[in-house]
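Worksheet: the structure to be examined is printed underneath.
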Amino acid sequence: MKIVKKKKELSELLLLEGSKTKGFVPTMGALHSGHVSLLDLARKENDILISSLFVNPTQFNNPRDLEIYPRPLEKDLEILESHSVDFAFVPDVPEIYEHAEPWHMDLGNLEKVLEGEKRPGHFQGVSQIVKILFDLVKPNRAYFGQKDYQQYLVIQKLNEVFNLNIEIIACPIIREPDGLAMSSRNLHLSHEERSIAPLIYKALNSIQLNSETMALKECLIKARSILESSPLFIVEYLEIVDKNDLNTLIQWTGSNNEIALVAVRLGETRLIDNLIINRK
């Protein structure tokens, strides 16, 4: 594995690979089994595998979150190498943004609802860094986790607006044995917080289990009651929306386009999760 810190060097190295297919897994580090699933699929489907480790400051609307974001660089590099990454791109902030142009992209409804509403400016930062990385790597395929589902839709829109012709692949959520979605933020949970965190998945799964027999609103009430059974949870949102545009639904559509999304706070830690609802 070649570790690269400069954009120019990465461009030159990738140019030497000619017409080989390139798979790209951009990350902010603190890698876990969820990231590994992306790496393994990308390795299987492409000739060359590139991954980036970059904690992007422009997508943090809370300075404290940026400050405490875990950065276990040596461990991350070991994981990348053990999963057959060819090029690990590890730039610093000035390398990425020294000559960056002012950025604003029209994201429409995606920037106004759910994560867009709760984290103003977040998706501008996400789309900015992803565009920079895509222009640099020029991948055939790029891999993202379904856990950040709204981010996946933002990147799909970026791909379409700029006609990048990249295959954007959303990979399934990887969960702990008790159902908690794997996340770098889980490291910040106290023992007590970690013990109740699986209620997030229990709440989402209750929607799936009840979707055939209960109205959509009743499913949401039942799921919220599961979360609110613990006083440690602060529920920021719990909604069932159309998975194509995130428009809020008030009844089941019969189209199997529904997805349940949730954001909660456990102490100082904010967690998100989702579940695509499969109804017969």
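Summary table
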{"quantity": "Among (1) hydroxyl-bearing (Ser, Thr, Tyr); (2) closer than 17 Å to Asp148 by Cβ; (3) touching an Asp or Glu at 6+ places or on another chain (Cβ under 7 Å), the one test that Thr21 misses", "calculated": "(2)"}
{"quantity": "The one condition in (1) surrounded by fewer than 20 Cβ atoms within 10 Å (Cβ to Cβ); (2) not in a strand (DSSP E or B) that Leu246 fails to fulfil", "calculated": "(1)"}
{"quantity": "Set Glu212, Glu193: member being more than 17 Å from Lys243 (Cβ to Cβ), outside the structural domain of Pro57 (by TED's automatic domain parsing) and in a loop (DSSP other than H, G, I, E, B)", "calculated": "Glu212"}
{"quantity": "Helices (runs of 4 or more DSSP H) (entirely within the stretch 39-107) containing at least 2 residues that are within 20 Å of the chain's Cα centre (by Cα) and without any contact (Cβ under 8 Å) to a residue 24 or more places away in the chain", "calculated": "63-68"}
{"quantity": "Criterion: under 23 Å from His32 (Cβ atoms), among the hydrophobic types (A, V, I, L, M, F, W, C) and surrounded by fewer than 18 Cβ atoms within 10 Å (Cβ to Cβ) - qualifying residue of Ile169, Ile221", "calculated": "Ile169"}
{"quantity": "Residue within the stretch 104-118 that is over 30 Å from Tyr237 (Cβ atoms) and at pLDDT 95 or above present", "calculated": "no"}
{"quantity": "Residue under evaluation Arg141, criteria (1) surrounded by 17 or more Cβ atoms within 10 Å (Cβ to Cβ); (2) of a type in the set (Lys, Arg); (3) out of contact with any Asp or Glu (no Cβ under 7 Å at 6 or more places or on another chain), criterion not met", "calculated": "(3)"}
{"quantity": "Residues being in a strand (DSSP E or B) and either in contact with a helix residue (DSSP H, G or I) (Cβ under 6 Å, 6 or more places away or on another chain) or not assigned by TED's automatic domain parsing to the domain that holds Val130 (or both) - total across the stretch 4-26", "calculated": "5"}
{"quantity": "Test: Asp135 is part of a loop (DSSP other than H, G, I, E, B) and either more than 16 Å from the chain's Cα centre (by Cα) or not assigned by TED's automatic domain parsing to the domain that holds Val36 (or both)", "calculated": "no"}
{"quantity": "Members of the stretch 89-132 that are among the aromatic types (Phe, Trp, Tyr) and within 30 Å of Val241 (Cβ to Cβ)", "calculated": "Trp103, Phe123"}
{"quantity": "Candidate set from the stretch 257-280 (those that are among the small types (Gly, Ala, Ser) and surrounded by fewer than 22 Cβ atoms within 10 Å (Cβ to Cβ)); member that is nearest to Leu189 (Cα to Cα)", "calculated": "Gly267"}
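The values are calculated or read from the model by the stated rules, or taken from the named source; none is laboratory data. The structure displayed is predicted, hence computed values, not measured ones. Every residue, glycine among them, receives a Cβ derived from its backbone with ideal geometry; neighbour counts consider all protein chains shown.
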